[in-house]
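J.: I have a structure here, written as structure tokens, and I will follow up with some questions on it.
The values are calculated or read from the model by the stated rules, or taken from the named source; none is laboratory data. Bear in mind that the values here come from a model prediction, so they are computed numbers and not experimental data. Cβ placement follows ideal geometry from the backbone for every residue including glycine, while neighbour counts extend to all protein chains displayed. Protein only, heavy atoms only, side chains kept; ligands, DNA and RNA dropped before computing areas. Shrake-Rupley method; radii C 1.70, N 1.55, O 1.52, S 1.80 Å.
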Amino acid sequence: MTEQVKAKIENSLTVLLVSDLEKSNQYYRDVLGCEVNDVWAIRDDFGLGFKLIQAKDPQDVIPNKGTWNTYAYVENFSGLDALYEELKAKGATIALEPIVEDHDWGSWKEFAIKDIDGYVIGFGSGNRN
């Protein structure tokens, strides 16, 4: 019997239809700190990754309502705080100021930003008791 190989997903990209590809590329590069090229906008070795596609019709740009379009995990609260300060200093629109929620297992802290098309990107980190 042959041993079955289990596939491992290394990274993923969030695909976003954007209203102005050039402006979005600039935002993701200058504000989010992504490496931007014709294929993707990535940061931290695909820790955060996007495929930005020019929408043919502005009505196709539809951010999720009431929740994030993508969410990224940061290793610890100090890293999350540093990221918040970095993005805020670069002019990111803050959609959710940092908040901490206490749970029986520990604390979860998160914040969110909004890009130029209204897509919300959340960032969070947990501290176990």
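J.: Defining a contact as two alpha carbons under 8 Å apart and six or more residues distant in sequence, what relative contact order in percent does the range 14-64 show?
T.: 47
J.: Going through the range 28-129, which GluC sites (Glu not before Pro) have at most 16 other Cβ atoms within 10 Å and a DSSP loop state?
T.: Hits after loop and neighbour filter: 75.
J.: Helix-only mean residue ellipticity at 222 nm, the chain, DSSP H runs n ≥ 4 weighted -39,500 (n - 2.57), per residue, nearest 500. What is it?
T.: Mean residue ellipticity at 222 nm (helix-derived): -5500 deg cm²/dmol.
J.: Please return the longest range in the chain lying between exposed loop sites, taking trypsin sites (Lys or Arg not before Pro), DSSP loop only, at most 13 other beta-carbon atoms within 10 Å, and leaving the sites out.
T.: It works out to 9-55.
J.: Taking all protein chains in place and a 1.4 Å probe, what share, in percent, of the accessible surface of the chain do carbon and sulfur account for?
T.: 50
J.: Taking θ = phi - 60°, what integer Hz values does the Karplus form 6.51 cos²θ - 1.76 cosθ + 1.60 yield along the range 71-88, in sequence order, with x for Gly and Pro?
T.: 9, 10, 8, 10, 4, 8, 4, 5, x, 5, 4, 5, 5, 4, 5, 4, 5, 4
J.: Same structure, new question: If the limit is 18 Å between Cα atoms, which of 65/88; 23/56; 23/51; 51/114; 23/114 go over it?
T.: 65/88
J.: Under a 1.4 Å probe, what is the accessible area of the chain per residue, stated in Å²?
T.: The answer is 66 Å² per residue.
J.: Taking R0 as 25 Å, what's the FRET efficiency between residue 9 and residue 37 from their Cβ-Cβ distance, rounded to 0.05?
T.: FRET efficiency, residue 9 to residue 37: 0.70.
J.: I need the shape label for the chain. Rule: rounded when a/c is under 1.5, else prolate if a/b > b/c, else oblate, with a, b, c from the alpha carbon gyration tensor.
T.: Oblate shape, in that a/c is at least 1.5 and b/c is the bigger or equal ratio.
J.: Quick check: residue separation of residue 55 and residue 82 times 0.36 nm, minus the Cα distance between them. What number comes out in nm?
T.: 6.4 nm
J.: Continuing with this model, one more query. Given points 7 Å out from each Cα along the Cα-Cβ axis, report the residue 19 to residue 2 separation in nanometres with one decimal.
T.: Inter-label distance under the simple model: 5.2 nm.
J.: For the range 2-27 and the range 73-129, compute the distance between their C-alpha centroids and round to whole Å.
T.: Computed from Cα coordinates, the inter-centre distance equals 21 Å.
J.: Just subtract the alpha-carbon distance of residue 89 and residue 44 from 0.36 nm times their residue separation and send over the number in nm, one decimal.
T.: Extra length available between residue 89 and residue 44 comes to 14.3 nm.
J.: Defining a contact as two alpha carbons under 8 Å apart and six or more residues distant in sequence, what relative contact order in percent does the chain show?
T.: The value is 23 percent.
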